[in-house]
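The structure appears right after this line, and notes come after that.
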Amino acid sequence: MSAARPARLAVGVVSAGRVGAVLGAALSAIGHRVVATAAVSKASLHRAETLLPGVPVLPPDEVALHADLVLLAVPDDVLPGMVRGLAAAGAFRPGQILVHTAGAHGISVLEPAVEHGVLPLALHPVLTFTGRSEDVQRLTGACIAVTAREDDEVAWSVGEALVLELSAEPVRVPEQARPLYHAALAHGANHLVTLVRDCAELLQREVLVATSTGSTDESMVGSASSTSAERVIGPLLSAALDNALRHGDRALTGPVARGDVGTLRTHLRELDRVDPELADIYRVLARRTAHRAVAGGLLPDHAAAEVRATLEEHR
C-alpha cells in the first residue's frame with residue numbers, strides 16, 4: 001500500500017450514524033467500496049439508505065468480516081465494548097485497517113483488536129455532523145485528528161493518506177493528548193451552542209416580546225414580531241467568532257474588557273432577576289473574560305481588580 005495513495009479498500013461502516021454514514025459516503029466518493037454497514041434505529045437505517053444506497057445492512061461482526069477497512073463510528077462510551085465484542089467474535093484478521101472516530105479515545109482502546117493483527121488508527125473529524133449529504137462536502141478543508149502508534153510511521157502515513165484523500169487536513173494528536181484535545185473541542189463547540197441558545201432565549205423572553213407588543217403602530221407590531229432572536233444576534237455572533245479566530249484576545253469588547261463596572265452591575269441585576277443560574281454562568285465567564293482582557297493588553301490590572309470585586313459583591 002502506498003502511503004501517498006492507499007489502494008482501493010473494501011470498507012465496513014459500524015454504524016450508519018451521523019458520522020459513520022457521512023464518512024462512508026465520502027470514502028465511496030473517492031473510489032473505495034463500502035461493502036456493508038450496521039444500522040438499527042430508524043434514523044440510521046434512513047441514513048444508510050440515503051448516503052450508502054445499495055449497501056447491505058448487516059450485524060457489526062459481519063460488517064467487519066467483509067471489510068479491509070473497518071470504520072467504527074460509535075459513541076465514545078460504546079467503543080470499548082464494541083471492540084471487545086468484535087474481537088471475541090473473531091471479526092478481525094491480520095492486515096485489516098481498524099479506524100475509530102471517537103474524539104476522546106486514542107488507539108489504546110483498540111488493543112483487543114490489535115492482538116488479531118489489525119493496524120489501529122484513530123481519525124476524528126473536527127466538525128459537527130448533521131448526517132446529511134452536505135456534510136460530505138464540509139469535510140473538504142476540515143481538519144481530522146490522526147492518532148497512531150507512536151513508533152509506527154507506516155500507520156501514521158496510512159492515516160494521513162486517508163485524510164488527504166478526503167481533501168481534509170491531517171493533524172497529528174499523540175495518544176496521551178487525546179483526552180485534553182477532545183475536552184478543548186467539546187468546550188468550544190458544545191458550550192458555544194449553549195451560549196448562543198441562552199442569548200436567544202433571553203431576548204425572546206422579554207425583549208422581543210416587549211418590542212412586538214409594545215407599539216401602537218400595527219405595521220410595526222407585525223414587523224417586530226417577525227424578527228427572530230436568531231436574526232438579531234446572527235451578524236453579531238458571526239462577527240465575534242470571526243474576530244476571535246483572527247485576532248485572539250484582542251477581539252474582546254464589552255463592559256468587562258472596558259472595565260465598565262456600572263454596566264456590569266446592571267447586567268448582573270437583570271440576569272439575577274430572570275435566571276439566577278444563568279447569572280452565575282455570566283459571572284464565571286466574566287471572570288475568565290477579565291483574565292483574557294488583561295492578557296490581551298485591553299484591561300489594566302487595577303481595572304481587572306474592580307471587575308472581579310464587582311462580580312463577587314453581586315454573587
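Each reported figure results from applying straightforward, stated rules to the coordinates on display, with no laboratory input. Since we're looking at a predicted model, the values are computed, not measured. Ideal geometry is used to build each Cβ from the backbone, glycine not excepted, and the neighbour counts take in all protein chains shown.
Using alpha carbons only, what's the Rg to Rh ratio of the chain with Rh from Kirkwood?
That ratio equals 1.09.
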nm² value of the averaged projected area, convex hull over the Cα atoms of region 163-205: 4.4 nm²
Please report, in whole Å, how far the alpha carbons of region 273-315 spread along each principal axis, starting with the longest. 33, 17, 10
Normalised contact order of region 181-313, rounded percent, pairs of Cα under 8 Å and 6 or more residues apart: 19 percent
Cut-off is 10 Å between beta-carbons; in what order do VAL193, VAL13 appear when sorted fewest neighbours first? VAL193, VAL13
Exposure proxy check on CYS143, CYS199: fewest-to-most Cβ neighbours within 10 Å is CYS143, CYS199
Cα centroid separation, region 280-304 to region 60-91 (Å): 47 Å
Using Cα pairs under 8 angstrom and six or more residues apart, how large is the relative contact order of the chain, in percent? 11 percent
Using modelled amide H (1.01 Å from N, peptide plane; none on Pro or chain starts), what sits under 5 Å from the amide H of VAL34, excluding residues fewer than 5 places away? VAL11
Highest GNM mean-square fluctuation, the chain, Cα pairs closer than 10 Å: which of ARG84, ARG149, ARG287? ARG287
Top mean-square fluctuation among VAL114, VAL207, VAL173, Gaussian network model of the chain, C-alpha springs under 10 Å? VAL207
Order by neighbour count: SER228, SER28, fewest other Cβ atoms within 10 Å first, most last. SER228, SER28
Pull up the DSSP beta bridges for the chain and report the antiparallel fraction as a percent, rounded to 5. 15 percent
A correct Karplus calculation of ³J(HN,Hα) over region 70-78, with 6.51 cos²θ - 1.76 cosθ + 1.60, θ = phi - 60°, whole Hz and x for Gly and Pro, returns 9, 9, 9, 10, 10, x, 3, 6, 7
Counting helices only, and only those DSSP H runs with n ≥ 4, report the 222 nm mean residue ellipticity of the chain as the sum of -39,500 (n - 2.57) divided by its residues, in deg cm²/dmol to the nearest 500. -16500 deg cm²/dmol
What's the local net charge at HIS116, with K and R +1, D and E -1, over the other residues with C-beta under 15 Å away? -2
